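Trainee: Here it is, the structure in full.
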Amino acid sequence: MTSIISVKGLSKTYQSGFQALKTVDLDIREGEIFALLGPNGAGKTTLISIVCGIVTPTTGTVTVAGHDIITDYRATRSLIGLVPQELTADAFETVGNSVSFSRGLFGQPPDPAHIEKVLRELSLWDRRDSKIMTLSGGMKRRLLIAKALAHEPRILFLDEPTAGVDVSLRKDMWEVVRQLRASGVTIILTTHYIEEAEEMADRVAVIARGQIIVVEDKQELMRKMGKKQLVLHLSNSLGAVPEALAAHNLALSDDGKELTFTYDTQAGRTGITALLRDLADASITFTDLATSQSSLEDIFVDLVASTK
Amino acid sequence: MNIYAVKAIYKFEMARAWRTVMQSIVSPVLSTSLYFVVFGAAIGSRIQQIEGISYGAFIVPGLIMLSLLTQSISNASFGIYFPRFAGTIYELLSAPVSPLEIVIGYVGAAATKSIILGLIILATAAAFVEIHVAHPFWMITFLVLTAITFSMLGFVIGIWADGFEKLQVIPLLIVTPLTFLGGTFYSIKMLPEFWQTVSLFNPVVYLISGFRWSFYEISDVNVGISVAMTLVFLAVCLAIISWMFKTGYKLKA
């Protein structure tokens with residue numbers, strides 16, 4: 001797949017001396033949903049702001065669809081829509097006027113039909129004549145998306161799109177994003193909700209302290225980094241892991257009632273069969289068993305912790 | 001040229017004026033009317049003519065300039081400061097617009113508003129005193145050039161300011177005194193020679209003098225100098241704005 005955004009050797013040191021980004025290289029493929037995952041202050045917003053033209057990079061280059069973001073800013077910015085993290089919109093303006101304004105600002109001739117389509121998709125059409133200050137938080141968030149889509153961009157940046165949005169609205173938002181992707185828009189979202197990346201993204205980058213730690217296909221990342229655990233609820237509690245089972249990667253809970261077996265999903269032999277056989281030989285019986293797979297969240301926490 | 005962007009900004013700014021029509025139009029007209037009542041009718045009737053012009057008529061160009069300067073600055077400074085304050089500036093910075101287009105949109109709208117206001121004040125004044133305009137072309141030229149120049153100054157202040165107080169400081173502490181001392185209510189020829197010389201360092205003197213000349217053909221300084229000085233201020237403001245955009249001063253990190 002061709003990359004639509006190409007970031008090379010990008011760094012940013014603010015005037016205060018704070019280094020928000022340290023040499024970032026990144027390629028975003030056309031048509032994908034790309035999640036930029038990282039804790040607060042990791043550099044997510046700085047990275048997005050540079051690509052969109054709000055922050056000037058200290059070193060490095062960014063190209064969007066082959067155009068340089070500085071020398072050819074008109075071409076690159078026309079392709080991009082940005083939904084900022086903060087709910088900022090002109091309080092006294094009406095919804096319809098505000099979206100039309102955005103379309104004009106991005107160099108597109110007026111197109112009431114497109115504005116109507118965008119507002120309908122985001123369930124804002126009924127509120128088109130309302131002043132922005134009368135909207136709820138969720139509606140404001142959708143308004144900012146509508147504004148970003150007003151000029152029919154090929155790339156959409158969503159900076160923390162579901163921060164402070166309730167569960168049902170979050171699901172709606174994900175649906176909107178999926179529809180956009182289906183229509184060919186490349187989506188880059190930043191989030192510190194792992195659930196969101198897990199739910200939506202095709203690929204995930206983890207960023208911490210201004211550095212990209214990993215960029216990987218989401219499934220691949222979860223497969224590679226993921227561990228599986230088998231938990232056995234024992235009929236009778238044990239004082240310690242029996243000698244006969246020492247060869248297995250086992251952990252005993254404090255109350256001695258649960259044995260946890262951690263294994264690698266990648267390995268050809270997981271060792272479960274051998275473990276169960278050895279348990280039977282040792283006459284250890286169990287009442288229940290459960291397996292669990294580490295989520296993206298666990299992976300993320302491990303990765304971020306490992307860079308400290 | 002992203003003409004749609006210029007139009008969008010211009011339209012947005014003009015719409016803002018209509019939302020605040022009371023403070024943008026009504027209050028300057030009211031305050032001008034008060035000046036006429038106080039200086040024109042009450043005090044002016046006891047003042048002899050100045051260079052053959054009744055005092056009430058004499059102060060008209062100065063009063064228009066007073067409103068033009070303060071309103072141009074406040075319109076333009078608020079126009080660009082508010083998005084910075086509210087955070088909506090992100091949209092402007094991420095849009096495919098050049099600094100020139102941004103300036104044309106904001107300054108154009110601010111200047112339009114103050115020109116309309118200037119003409120309304122002129123019409124209001126005509127209800128009180130007899131006015132004749134000797135050089136309509138130059139009258140309009142001074143009006144437009146001054147409106148544009150001071151809207152640019154307002155734009156500069158709007159980018160420089162990082163609080164609502166700073167937004168008020170320059171108009172209140174610098175522009176209003178300079179206008180009052182720049183010959184709004186008197187001819188600087190009425191001053192002692194020393195203060196006449198001092199007044200020549202006041203840039204507003206040239207604006208008011210030139211503007212008054214376009215009405216009554218009387219001036220404190222040569223009209224050519226007035227035009228030249230107006231163009232110099234314009235160039236200075238333009239230079240400051242282009243420096244601001246080049247360095248991203250208070251706009252871009």
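Every number in this text was worked out from the coordinates using simple rules, so none of it is lab data. What you see is a predicted model; the values in this text were computed from it and never measured. Methodologically, a virtual Cβ is constructed for each residue, glycine included, from the backbone with ideal geometry; neighbour enumeration extends over all protein chains shown.
Trainee: Binning at 10 angstrom from zero up to the longest distance, how are the C-alpha pair distances of the range A:227-294 distributed in percent?
Mentor: 20, 59, 19, 1
Trainee: With Cβ to Cβ distances under 14 Å as the rule, what net charge do the other residues near B:Ala110 carry (K, R +1; D, E -1)? Each step should come with its number before you reach the end.
Mentor: Working: positive: B:Lys11, B:Arg16, B:Lys113; negative: B:Glu13.
Neighbour charge sum, excluding B:Ala110 itself: +2.
Trainee: Around B:Ile73, with a cut-off of 14 angstrom between Cβ atoms, what is the net charge of the other residues, counting Lys and Arg +1 and Asp and Glu -1? Working shown, then result.
Mentor: Details: positive: B:Lys113, B:Lys166; negative: none.
Combined, the nearby Lys, Arg, Asp and Glu give +2.
Trainee: With Rg and the Kirkwood Rh both taken from Cα atoms, where does Rg over Rh land for chain A? Numbers along the way, then the final one.
Mentor: Details: Rg = 24.5 Å, Rh = 22.1 Å.
Here Rg/Rh amounts to 1.11.
Trainee: Turning to a different aspect of this structure: Multiply the residue gap between B:Gln48 and B:Met190 by 0.36 nm, knock off their C-alpha separation, and tell me the result in nm, one decimal place.
Mentor: Details: separation 142, 0.36 × 142 = 51.12 nm, distance 1.26 nm.
This chain segment gains 49.9 nm when fully extended.
Trainee: A further question on this structure: Got a sec to turn the phi values of the range A:82-88 into Karplus ³J(HN,Hα) couplings, 6.51 cos²θ - 1.76 cosθ + 1.60 with θ = phi - 60°, whole Hz, x for Gly and Pro?
Mentor: After applying 6.51 cos²θ - 1.76 cosθ + 1.60, I find 10, 10, x, 6, 7, 7, 10 Hz.
Trainee: Which value, in debye to the nearest 20, describes the size of the charge dipole of chain A about its Cα centre when Lys and Arg Cβ atoms bear +1, Asp and Glu Cβ atoms bear -1, and nothing else is charged?
Mentor: 900
Trainee: Count the net charge of all other residues whose Cβ sits under 14 Å from the Cβ of B:Ile3, scoring Lys and Arg as +1 and Asp and Glu as -1.
Mentor: Net charge around B:Ile3: +3.
Trainee: Kindly provide the helix-only [θ] at 222 nm of the protein assembly as shown, computed as the sum of -39,500 (n - 2.57) over DSSP H runs of four or more divided by all residues, to the nearest 500 deg cm²/dmol? Display every interim value, and only then the final one.
Mentor: Numbers: 21 runs with 276 residues, N = 561.
Using -39500 (n - 2.57) per qualifying helix, the result is -15500 deg cm²/dmol.
Trainee: Reachable lysines from A:Lys140, Cα under 28 Å, same-chain residues fewer than 8 places away excluded?
Mentor: A:Lys44, A:Lys117, A:Lys131, A:Lys171, B:Lys7, B:Lys11, B:Lys250, B:Lys252
Trainee: Continuing with this model, one more query. What is the ratio of the Cα radius of gyration of the range A:1-115 to 2.2 N^0.38 Å, where N is its residue count, to two decimals?
Mentor: Dividing the Cα radius of gyration by 2.2 N^0.38 Å gives 1.19.
Trainee: Going by amide H atoms built from the backbone, whose H comes under 5 Å of the H on A:Ser130, apart from near neighbours?
Mentor: Distant-sequence amide H within range of A:Ser130: A:Val95, A:Gly96.
Trainee: Enumerate the aspartates and glutamates that B:Lys113 could reach by cross-link, defined here as Cα to Cα under 13 Å, with residues fewer than 8 away along the same chain left out.
Mentor: Of all the aspartates and glutamates, those that pass the test against B:Lys113 - Cα under 13 Å, at least 8 places apart if same chain - are B:Glu13.
Trainee: Between A:Lys257 and A:Asp302, what FRET efficiency follows from the Cβ-Cβ distance if R0 is 22 Å, with the result rounded to 0.05? Before the final figure, lay out the partial values.
Mentor: Details: r = 27 Å, r/R0 = 1.23.
Calculated transfer efficiency: 0.25.
Trainee: Inside 10 Å of the C-beta atoms of B:2-11, what's the mean count of C-beta atoms belonging to other chains?
Mentor: Details: counts 8, 3, 9, 7, 2, 5, 11, 3, 1, 4.
Taking the mean over all residues of the peptide, I get 5.
Trainee: Could you give the size of the charge dipole of the protein assembly as shown about its Cα centre, using +1 on the Cβ of each K and R and -1 on the Cβ of each D and E, expressed in debye and rounded to the nearest 20?
Mentor: Values: 46 positive and 49 negative charges, 274 e Å.
It works out to roughly 1320 debye.
Trainee: Find how many whole Å separate the alpha carbon centroid of the range A:11-26 from the alpha carbon centroid of the range A:148-199.
Mentor: With the range A:148-199 and the range A:11-26 each reduced to a Cα centre, they are spaced 26 Å.
Trainee: Per-residue mean of other chain beta-carbon atoms within 10 angstrom of the beta-carbon, peptide B:12-18?
Mentor: Rounded to a whole number, the mean comes out at 2.
Trainee: Does the range B:3-247 come out rounded, prolate or oblate, given a ≥ b ≥ c as the square roots of the eigenvalues of its C-alpha gyration tensor, rounded meaning a/c under 1.5 and, failing that, prolate meaning a/b above b/c?
Mentor: On the way: a/c = 2.07, a/b = 1.71, b/c = 1.21.
Note, shape of the range B:3-247 comes out prolate.
Trainee: Using amide H atoms built 1.01 Å from N in the peptide plane, name the residues 5+ places from A:Leu189, or on other chains, whose amide H lies under 5 Å from its own.
Mentor: So A:Leu189 has HN proximity to A:Phe34, A:Ala35, A:Leu36, A:Leu158.
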